[in-house]
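The values are calculated or read from the model by the stated rules, or taken from the named source; none is laboratory data. What you are looking at is a predicted structure, and each value in this text was computed from that prediction instead of being measured. These accessible areas exclude ligands, DNA and RNA; they are computed on the full protein's heavy atoms, side chains included. Shrake-Rupley method; radii C 1.70, N 1.55, O 1.52, S 1.80 Å.
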Amino acid sequence: MTKDSGGADGAVPAAGGRPVPPEAVKAIPVRHYGRWISAVLVLAVLALLVSAFADADITWATVGEYLDHETIVRGALNTLWITVLAMLLGVVLGTLLAVMRLSKNPVMSSVAWGYIWIFRGTPVLVQLLLWYNLALIFPILDLGFYRDEMNDVMTPFLAALLGLGLNEAAYMAEISRAGIQSVDEGQTEAAHALGMTGSRTMRRIVLPQAMRVIIPPTGNEFVNMLKTSSLAYIIQYGEVLLSATKISSRNLAVMELLLVATIWYLVLTTVFSIGQYYLERHFQRGSSRSLPPTPWQRVRRSLGSFRTPSQVGGRTI
């Protein structure tokens, strides 16, 4: 029998009996030309948009002048204030509604379901107008221990708080319910076996574990509330859009003041979006082996994604 001329490792035997090593493999990185082409097209579209706004009939000096105007800043603070209070009302009431919805008491669960059905089924703008015009059907507010005219009680601030907060509670109820149901039932059974009551089990065992599921959509709802609060201008609540509209009615710089309001909304939503990201990252500790990348890490990864590295001999090329 004759042996194969090649070795098991592919080396070619030399005349002296010593094998000649194979030629080193040259790995050529894969080029993704489609990524470069799409990036160029996107940059071209962005350049056209920037050029269009630069040549538009907009007095940019007016935009810069009113960015830190006292009325605009006060409106931005009012926007932030009503957003925080409405979200607090929505989170607290929404959590209570979620617990009621999951209750075995048919009255409690039915009332919670009816609340969610009504407030999720009607637009926020309609709810704001209903609260603001409540004096048309209830001229006098009589609580027994307190009596006053409804027009004096239902201020634009209170109408905005009730309209935004009660509507948000319906959505937070569904978010909280999803978070509670994500916790394994064995946790509740173990707590009951230890003698814990239902309310204590919910407070000490279920809700802390459900926070990992509740926090991300809640942060998203907060950012959305910042923008939804602009609807309160219809009931004359002094948020940033109403402040910009009042100024533009005097100087007729309508587009300029709308851009000012847009910039303020972008600043507020950006700040809280960053806060939301790091809050979610905090609650993900212990639930995953590696934390999600930070925004700076994502930027570095995106810049390097145009060239896919290859692994050769344990080295990255």
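Spatially, segment 189-204 and segment 117-181 are offset by 34 Å when compared through their Cα centroids.
Kindly identify segment 148-281 as rounded, prolate or oblate by the Cα gyration tensor criterion: order the square roots of the eigenvalues as a ≥ b ≥ c, call it rounded if a/c is under 1.5, otherwise compare a/b with b/c, prolate if a/b is larger, else oblate.
Working: a/c = 4.84, a/b = 2.05, b/c = 2.36.
Because a/c hits 1.5 or more and a/b fails to exceed b/c, segment 148-281 counts as oblate.
Taking all protein chains together, V271, V99, V63 sort by accessible area into V271, V99, V63, largest first [probe 1.4 Å]. Summarising the overall dimensions of segment 61-284 from its C-alpha atoms, the Rg and Dmax are 20.8, 70 angstrom.
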